[in-house]
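Taken together, the values in this text are just the output of simple stated rules run on the coordinates, not laboratory data. Only a predicted model underlies this, so the values are computations on that prediction, with no experimental measurement involved. All Cβ positions, even for glycine, are placed from backbone atoms using ideal geometry, and neighbour counts span all protein chains on display.
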Ligand code: SF4
């Protein structure tokens, strides 16, 4: 390992420890079904967890199975998930995704991903209509427990500011890089804690650097002083 790589690995490990020390270790008690996680991923696009959760609960109350959701009229489905915002588009996406899974797999089930390696599973999921790298990574991390970090707007911003990845990296490149540099036992916590840090401290417009426990390791902070 080169000297620069070694010091970057140390920095990643330190940031991981500091985030865990402040926000705690993320423990997922139960594994949600993969289809649930996938649909939640679609519902979570451009909204917060509360609105996504409301829409998802409503969907599960109105329809017993994913086959029922697939058979539902698009307008009715849109009403069911209205609280998630962009509900017409999301209803269209959910139906298109379910229909594609049904056609490819023969049933609404994602167990075939178990037999694929992470890159293959990622390619399979992102080739579905309306499924981007973030939603695919959510399914792979939270259901299949694969070593991958979904990159939402908070993870992307904090990772660049702190210097985990270069400032010009796209979300896709950030995801691939984090996947290769974050120690595996820390992946789940790192994802959750970077989101927490982005929401509470390293805000988009006004990062609260003066109270930030990462500042002595942060590239952005260093440029200010
Ligand atoms: S020091 Fe500032 S820019 Fe760096 S992580 Fe903390 S809040 Fe964000």
(message) Quick check: Cα centre of region 67-132 to Cα centre of region 155-225, how many Å?
(response) 30
(request) Take 60, 95, 11, 114 and order them by how many other Cβ atoms sit within 10 Å, fewest up front. (result) 114, 60, 11, 95
(request) Output the relative contact order of region 34-142, whole-number percent, from Cα pairs under 8 angstrom with separation of 6+ residues. (result) 32
(message) Run the numbers for residue 145 and residue 167: contour at 0.36 nm per residue of separation, minus the present Cα-Cα distance, in nm.
(response) 5.1 nm
(request) Could you order peptides 67-78, 203-214, 31-42 by the average number of other Cβ atoms within 10 Å of their residues, highest first? (result) 31-42, 67-78, 203-214
(message) Can you tell me how region 59-180 classifies by the Cα gyration tensor, rounded, prolate or oblate, using a/c under 1.5 as the rounded cut?
(response) oblate
(message) For the chain, what does the helix formula give at 222 nm: sum of -39500 (n - 2.57) over DSSP H segments with n ≥ 4, over the residue count, nearest 500 deg cm²/dmol?
(response) -18500 deg cm²/dmol
(message) Starting from the 7 Å offset along Cα-to-Cβ, what nm value, one decimal, do you get for the label separation of residue 114 and residue 62?
(response) 3.2
(request) Have a look at the chain and give its Rg and Dmax from the Cα atoms, expressed in angstrom. (result) 18.8, 59
(message) If R₀ is 41 angstrom, what is the calculated FRET efficiency for the pair residue 36 and residue 219, using the beta carbon separation as r and rounding to 0.05?
(response) 0.60
(request) Determine the shape class of region 135-178: with a ≥ b ≥ c the square roots of the Cα gyration tensor eigenvalues, call it rounded for a/c under 1.5, and otherwise prolate if a/b is greater than b/c, oblate otherwise. (result) prolate
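Run the numbers on the chain and let me know its relative contact order in percent, using alpha-carbon pairs under 8 Å that are six or more apart.
Values: 245 pairs, mean separation 51.8, N = 225.
With pairs under 8 Å counted, the relative contact order is 23 percent.
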(request) Using label points projected 7 Å from each Cα along Cα→Cβ, tell me how many nm separate residue 75 and residue 208, to one decimal. (result) 4.7
